[in-house]
1. Taking the condition touching a Lys or Arg at 6+ places or on another chain (Cβ under 8 Å), in a helix (DSSP H, G or I) and either surrounded by fewer than 14 Cβ atoms within 10 Å (Cβ to Cβ) or in contact (Cβ under 8 Å) with a residue 40 or more places away in the chain (or both), does Leu54 pass?
2. Which count do you get for residues in segment 68-94 that are in contact (Cβ under 8 Å) with a residue 24 or more places away in the chain, exposed (fewer than 14 other Cβ atoms within 10 Å of the Cβ) and not basic (Lys, Arg)?
3. Would you check which residues across segment 19-50 are touching a residue at least 24 places away in the same chain (Cβ under 8 Å) and under 26 Å from Tyr107 (Cβ atoms) and list them?
4. Consider only pairs whose beta carbons are under 7 Å apart and that are at least six residues apart or on different chains; among these, list those whose first residue lies in segment 95-107 and is more than 18 Å from Tyr67 (Cα to Cα) and whose second residue is of a type in the set (Ser, Thr, Tyr).
5. Surrounded by 10 or more Cβ atoms within 10 Å (Cβ to Cβ) and among the acidic types (Asp, Glu) - does that describe any residue in segment 95-113?
6. On the basis of being outside the structural domain of Glu3 (by TED's automatic domain parsing), within 16 Å of the chain's Cα centre (by Cα), in a loop (DSSP other than H, G, I, E, B) and more than 16 Å from Ser4 (Cα to Cα), does Cys97 make the cut?
7. Take the residues in segment 28-51 that are of a type in the set (Phe, Trp, Tyr) and surrounded by 12 or more Cβ atoms within 10 Å (Cβ to Cβ), then tell me which one is nearest to Lys9 (Cα to Cα).
8. Does Lys92 count as farther than 22 Å from Glu12 by Cβ and charged (D, E, K, R)?
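The values are calculated or read from the model by the stated rules, or taken from the named source; none is laboratory data. Predicted model only: the values in this text are computed from it and were never measured. Positions of Cβ are generated from backbone atoms using ideal geometry, with glycine treated the same way; all protein chains shown enter the neighbour counts.
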Amino acid sequence: MAESRGKTKDFELRKVYSTIYDKGTRFKSRVFFQQYLTSKEIKIKPKDKNVAGLQLADILAHPLKKYTLLQKGLLQEPDESLFWLKVIEAVKPKLDCRASDRCIDGYGLVFIK
């Protein structure tokens, strides 16, 4: 499920979701995605529906974005708020990582320019 971002972005998201569902990616086959995704079509809900899972995603997204930009040298000075740092510390052990050295860059955190 995703949160609506407007007609154009919703259309683009539906298209990407459908491609991944039907063809997979270079990393995972379509069989993998079809095994775990509950529907052939993505469900998109407006923010005013106040869906709990989407609210949780909002709470996680901003701190993870800040952390990634900081790691890439694209954010000079993070704010002094401890909340985002606490979120990162709670989430980091859950992120996918390379088995050999536990590196999350490119695995659990992927930066797309």
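1. Values: touching a Lys or Arg at 6+ places or on another chain (Cβ under 8 Å): yes; in a helix (DSSP H, G or I): yes; either surrounded by fewer than 14 Cβ atoms within 10 Å (Cβ to Cβ) or in contact (Cβ under 8 Å) with a residue 40 or more places away in the chain (or both): yes.
Taking the combined requirement at face value, the residue satisfies it.
2. Taking segment 68-94 as the starting set, the residues that turn out to be in contact (Cβ under 8 Å) with a residue 24 or more places away in the chain are 68, 71-72, 87-88, 91.
Now narrow it down to the ones that are exposed (fewer than 14 other Cβ atoms within 10 Å of the Cβ): 71-72.
Pick out the ones that are also not basic (Lys, Arg) and you get 71.
Selection size over segment 68-94: 1.
3. First, pick out the residues of segment 19-50 that are touching a residue at least 24 places away in the same chain (Cβ under 8 Å): 41-47.
The one that is touching a residue at least 24 places away in the same chain (Cβ under 8 Å) and under 26 Å from Tyr107 (Cβ atoms): Ile42.
4. Arg98/Tyr107
5. Narrowing segment 95-113 to residues surrounded by 10 or more Cβ atoms within 10 Å (Cβ to Cβ): 95-98, 102-111.
Still in the running and among the acidic types (Asp, Glu): 96, 105.
Looking for residues that are surrounded by 10 or more Cβ atoms within 10 Å (Cβ to Cβ) and among the acidic types (Asp, Glu), one finds at least one in segment 95-113, hence yes.
6. Working: outside the structural domain of Glu3 (by TED's automatic domain parsing): yes; within 16 Å of the chain's Cα centre (by Cα): yes; in a loop (DSSP other than H, G, I, E, B): yes; more than 16 Å from Ser4 (Cα to Cα): yes.
Answer is yes for this residue.
7. Step one: of segment 28-51, the residues of a type in the set (Phe, Trp, Tyr) are 32-33, 36.
Checking the rest, the ones that are also surrounded by 12 or more Cβ atoms within 10 Å (Cβ to Cβ) come to 32-33.
Details: Phe32: 25, Phe33: 22 Å.
Ranking the qualifying residues of segment 28-51, first place goes to Phe33.
8. Values: farther than 22 Å from Glu12 by Cβ: yes; charged (D, E, K, R): yes.
Answer is yes for this residue.
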